[in-house]
Amino acid sequence: MTKADIVSEIARSTGLERAAVLASVEKFMDVVKDAMAAGNNVYLRGFGSFVVKTRKEKTARNISRNTTIKIPEHKVPTFKPSKVFLDEVK
């Protein structure tokens, strides 16, 4: 399912204009991205959590050059579905 599919489904089921739904979905994604970029987590009860996790520094190998490189500590966005979400999918 794509963003366009989500917007179409919400517009069809609520009767709202597609442009208004698209603007709302876009703004929701912007708010989540901005919050996570600032290091904050986003919790949506009954759906899941968008969490910023820190990956530790590690040593890796560049196989083509046969060298060792260090990958610095960095943050990655993750999504953890709620128990209700997981139960529905199962």
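The values are calculated or read from the model by the stated rules, or taken from the named source; none is laboratory data. These numbers come from a predicted model, not from an experiment. So basically every Cβ, Gly included, is an ideal-geometry build from the backbone, and we count neighbours across all protein chains shown. Just so you know, the surface numbers come from the protein's heavy atoms only, side chains and all, with ligands and any DNA or RNA stripped out. Shrake-Rupley method; radii C 1.70, N 1.55, O 1.52, S 1.80 Å.
Mind checking whether some residue in the stretch 54-76 is within 24 Å of Lys3 (Cα to Cα) and at pLDDT 95 or above?
Taking the stretch 54-76 and keeping what is within 24 Å of Lys3 (Cα to Cα), we get 76.
Those left that are additionally at pLDDT 95 or above: 76.
The answer is yes, given that some residue of the stretch 54-76 is within 24 Å of Lys3 (Cα to Cα) and at pLDDT 95 or above.
Just wondering, is there one or more residues in the stretch 60-72 that are of a type outside the set (D, E, K, R) and under 26 Å from Asp87 (Cβ atoms)? Among the residues of the stretch 60-72, not one is of a type outside the set (D, E, K, R) and under 26 Å from Asp87 (Cβ atoms), which makes the answer no. The C-beta contact set for the stretch 72-90 (first residue among the small types (Gly, Ala, Ser), second residue open to solvent by 80 Å² or more (accessible area, probe 1.4 Å), distance under 8 angstrom, 6+ apart or interchain) comprises Ser82/Arg45; Ser82/Phe47.
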